[in-house]
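Enquirer: One structure follows; several queries about it will come next.
The values are calculated or read from the model by the stated rules, or taken from the named source; none is laboratory data. The structure displayed is predicted, hence computed values, not measured ones. Quick reminder, even Gly has a Cβ in these numbers, built from the backbone with ideal geometry, and neighbours come from all protein chains shown.
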Amino acid sequence: MTEIRAADRDAIDQAAGLLRRGELVAIPTETVYGLAANATDDRAVARIFEAKGRPRFNPLIVHVGSPAEAARFAVMDDRVQELAQRFWPGPLTLVVPVRPPPPSGAAEPSPPSTLSPLATAGLDTVAVRLPAHPVARAVIAAAGVPLAAPSANRSGAVSPTDPRAVHEELAERVALILAAGRSPIGVESTVLDLCGDRPHLLRPGGCPLEEIVEAIGPVETAAVRADDDAMRPRSPGLAGRHYAPRTPLRLEARHHKAGEALVTFGPDLRQGPEVANLSADGDLVEAAANLFHLLRRLDKGGYAAIAVSPIPMAGLGLAINDRLRRAALPDRIG
Ligand code: AMP
Ligand code: MG
């Protein structure tokens, strides 16, 4: 049963508890309602894609409570800090490099927090935002973790700006809907890529471009995406950032040959250091949660190829197969 509750203190604490336990909660933000999950929990983030019925894994915006929280997993250089200071909290999302793990043995004052690779679609960049809505901020503070949150609608539908619309979209797919009336801005956040020398606008939104230009100077707009679900590279120079294993993938494989690794799905008796099961129970949410971790591990094993057993084309299987197909392309842009 999906509960809709007015976002008072008690409901916010309930939402935080659900999020910490890996459940999905719809929360109000000043842009649109978000479908939130703990961004450090693979299964929780996998559930977002399942609930939305998204046919592919695209990167999600990670919502934080402070610039310092963002700096635990994101590289916040001077230009990024300046933008954060000027526009956060607010409807501006900043795409920045993921902070690399510290060299082993090095003591760090604030250890990097480990985002689920599903929250970034396996990229080494991450989209972060500090929302202005008091309820969103209270939920993030109470949960104590960064929240991955795309708009709270089924894939392909318009973003909901009030709790009724969220209920129409996601009833029974979300544990709780926190209600706080209409989203004051009503359009998505502006997305700005700060990974290169020049800032690129990826998506126009609630933060006016003129104000950004006034703050940091010229912004490239050639990379603006018409289709939010699109994962095509923004410009040729940026294509290489998409994660794909270097080891060739062989899909729809029934068996693996000598020298190959094997990815299985569902009950399977084959075992060994070169065999990895996405989900022995045949659970597609678990398989999605494991996908990027398994590929990265096997990619380091020096195998001739990674053979992948068939994955059913249902539920999250669509996104898993999409990701595998694009990782198997020779030019590896996916
Ligand atoms: P949504 O979460 O539905 O509001 O959409 C998030 C938007 O941010 C989409 O346009 C994504 O493609 C974009 N985005 C999120 N993370 C990244 C990233 N690491 N690199 C580029 N674009 C991103
Ligand atoms: Mg959306």
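Enquirer: How many of the residues in the range 277-305 are of a type in the set (Gly, Ala, Ser) and buried (at least 21 other Cβ atoms within 10 Å of the Cβ)?
Expert: 3
Enquirer: Going by what's in this entry, would Thr40 be described as within 13 Å of ligand 1 (Cβ to nearest atom) and either in contact with a Pro (Cβ under 9 Å, 6 or more places away or on another chain) or part of a helix (DSSP H, G or I) (or both)?
Expert: Answer is no for this residue.
Enquirer: Ok, one more. Give Ala74, Ala36 a once-over and let me know the one that is surrounded by 22 or more Cβ atoms within 10 Å (Cβ to Cβ), under 23 Å from Ala179 (Cβ atoms) and of a type outside the set (Lys, Arg).
Expert: The match here is Ala36.
Enquirer: Still on this model: Can you tell which of Pro67, Pro28 is out of contact with any Lys or Arg (no Cβ under 7 Å at 6 or more places or on another chain) and surrounded by fewer than 22 Cβ atoms within 10 Å (Cβ to Cβ)?
Expert: One residue alone meets the criteria, Pro67.
Enquirer: Restricting the search to the range 1-37, which residues are among the β-branched types (Val, Ile, Thr), in a strand (DSSP E or B) and away from ligand 2 (no atom under 16 Å from the Cβ)?
Expert: If the condition is that a residue be among the β-branched types (Val, Ile, Thr), in a strand (DSSP E or B) and away from ligand 2 (no atom under 16 Å from the Cβ), then Ile4, Val25 are the ones that fit.
Enquirer: Report whether or not Asp162 is within 12 Å of ligand 1 (Cβ to nearest atom) and over 18 Å from His63 (Cβ atoms).
Expert: In short, no.
Enquirer: So in the range 39-64, with the set limited to residues that are among the acidic types (Asp, Glu) and either buried (at least 24 other Cβ atoms within 10 Å of the Cβ) or closer than 14 Å to Ile320 by Cβ (or both), which one is farthest from ligand 2 (Cβ to nearest atom)?
Expert: Among those residues, the one meeting the criterion is Asp42.
Enquirer: When you go through Leu123, Leu130, Leu147 one by one, which is the residue that is more than 14 Å from ligand 1 (Cβ to nearest atom) and in the same structural domain as Lys52 (by TED's automatic domain parsing)?
Expert: Leu130
Enquirer: Let me ask another. When you check Ile48 against the structure, is it in a helix (DSSP H, G or I), more than 11 Å from the chain's Cα centre (by Cα) and β-branched (Val, Ile, Thr), yes or no?
Expert: no
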